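The values are calculated or read from the model by the stated rules, or taken from the named source; none is laboratory data. Values in this document were obtained by computation on a predicted structure and should not be read as measured data. Note: ideal-geometry Cβ built from the backbone for every residue, glycine included; neighbour counts use all protein chains shown. Quick note on the areas: whole protein, heavy atoms, side chains included, nothing else; ligands and nucleic acids left out. Shrake-Rupley method; radii C 1.70, N 1.55, O 1.52, S 1.80 Å.
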Amino acid sequence: MRAAVYQAFTEPLSLEDVPEPAPADHGAVIRVRATGLCRSDWHGWMGHDPDITPPHVPGHEFAGEIAALGKHVPGWRLGERVTVPFVCACGVCPQCQSGNHQVCESQTQPGFTYWGSFAEYVAIDHAAVNLVRLPEELDEVTAASLGCRFATSFRAVVDQAKVRPGEWVAVHGCGGVGLSAIMIADALGARVVAVDITREKLALAQSVGASAVVHDTGNVDVVETVIQITGGGAHVSIDALGSPWTCFNSVANLRRRGRHVQVGLMLADHRHAAIPMDMVVARELRLMGSHGMQAHRYAALLAMIRSGALRPQRLVGKTISLEQSLEALVTMGSFGGAGVTVIDRF
Ligand SMILES: [Zn+2]
Ligand SMILES: [Zn+2]
C-alpha cells in the first residue's frame, strides 16, 4: 500500500510502498478514505513526541471502512463506515472501567505509538472498544475532522467545562481545536470571545459563532481586553493552541470561580509553562486538562451534528492528496491557512 513516511525527524517525507497492516485478534484494519492534518502530526515529525520512533507514518484523525477484522471483534462487519478516537483504549484498565477511555492506561494512538493513517490502510487495536459507526449523512472528510480536534473540543466544552447558556467562553487560538470549541460553545448558548494573532482566523471564528474577537497583534493586553468584553472575566477559558502565553492568558482572563481547560498540547520546551497560581487561589479558579474523547461519547456529538446544531463540515478548509501532504505537513509549524486540511485522495 502507499504511505507517507519519514525516515528521521525533520527529514522530508516520501511516498513509499509498504506492507499492508494485518489486524490483531481484537483489532481491525480500516481502509482510509479521509485523514486530517493536525499540528500534533507536525509536533511528531519535529521529534517532540517521545512515543514516536522513525521510520514513521503520521496520521491519527481518519474515517473509512472496515477492511479486515480480527477473530474477536463482535458486532462489526466488513465494509461498515467508521471512525475512531485518536486515543484508542484497552477497555479493561481501571480508567476504561470507569468510562474514561480518553485517559486509558494502556492507550495506543495510531500515528504516534505506531504507524498512522497517512496511508491506504491503518490498523487499530481493541476494535470493539474504539470503533464508532458513522451515520449515513456524514461524509468521510467531515468524519475525519471529528477524530481529534472536534471530539477533543466537544469533551473540553461539554464534559469538562460544562458550559452553560449565557456564560462567556474565551477561546485562545483559532486553529482546528479553537474553531471547534467556538462552534460547540455557541451551540450550547454561550457567548464566545475568540483570540488569535491572524485576522483571517478571527473572521472564520466569527462565522462559526464567536460574538467578539481579540486580535492579538503583540501590542494588545489580551487579558484586560477579554475582561472588558466579558464584563469581569470569562466563566470558561480554553487554551486551544498550547503555548506558555495562551495558557497564561487563558487562566488570567477568568472571572472568580472560572474554569480553564487546557486542550492545546504542551510539548518540548513548553511542558512546564508558568501559571498564575496566585490568581488560582485568590479567585478559586479551576484548571482542567482535556485529552481526546471516549468512543462511547460520540453518540452525543453525532446527535448534535444530525440535528444541525453543529456543522463540523464548515471547519474543513481544503482537501488535498496524500502526495500533497508530504509538503503540507512540514509547513504546518508556520500557522498558515485557515480551517482543517484533510487528505482525501490516496
Ligand atoms: Zn484502558
Ligand atoms: Zn489531531
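Details
- Selection count, region 305-316, where residues are farther than 18 Å from Val32 by Cβ and in contact with a strand residue (DSSP E or B) (Cβ under 6 Å, 6 or more places away or on another chain): 1
- Filtering region 79-103 to residues that are within 16 Å of His26 (Cβ to Cβ) and more than 16 Å from ligand 2 (Cβ to nearest atom) leaves Val82, Ala89, Cys90, Gly91, Val92, Cys93, Cys96, His101.
- Any hit, region 74-87, residues being within 22 Å of Val316 (Cα to Cα), open to solvent by 30 Å² or more (accessible area, probe 1.4 Å) and not hydroxyl-bearing (Ser, Thr, Tyr): yes
- Residue match in region 32-46 (condition: more than 26 Å from Gly317 (Cα to Cα) and either of a type in the set (Ser, Thr, Tyr) or away from ligand 1 (no atom under 13 Å from the Cβ) (or both)): no
- In summary, Gly166 fulfils each of the numbered conditions (1) surrounded by fewer than 24 Cβ atoms within 10 Å (Cβ to Cβ); (2) assigned to a helix (DSSP H, G or I) with the single exception of condition (2).
- Taking the criterion of being more than 14 Å from ligand 1 (Cβ to nearest atom), in contact with a helix residue (DSSP H, G or I) (Cβ under 6 Å, 6 or more places away or on another chain) and at pLDDT 95 or above, the residues of region 80-111 that qualify are Thr83, Val84.
- Qualifying residue in region 119-128 (condition: within 16 Å of the chain's Cα centre (by Cα) and either within 16 Å of ligand 2 (Cβ to nearest atom) or at pLDDT below 95 (or both)): no
- Looking only at region 306-333, and only at residues there that are of a type in the set (A, V, I, L, M, F, W, C) and assigned to a helix (DSSP H, G or I), the one that is farthest from Leu13 (Cα to Cα): Leu315
- Pairing residues of region 62-74 that are within 8 Å of Asp25 (Cα to Cα) with residues that are open to solvent by 50 Å² or more (accessible area, probe 1.4 Å), at Cβ distances under 6 Å and at least 6 apart in sequence or on separate chains, gives Gly70/Asp25; Gly70/His26; Lys71/Asp25; His72/Asp25; His72/His26; Val73/Ala128.
- Test: residue in region 240-253 that is at positive phi and surrounded by 14 or more Cβ atoms within 10 Å (Cβ to Cβ): yes
- Among the candidates Gly59, Gly70, the residue that is open to solvent by less than 20 Å² (accessible area, probe 1.4 Å), at positive phi and away from ligand 1 (no atom under 16 Å from the Cβ) is uniquely Gly59.
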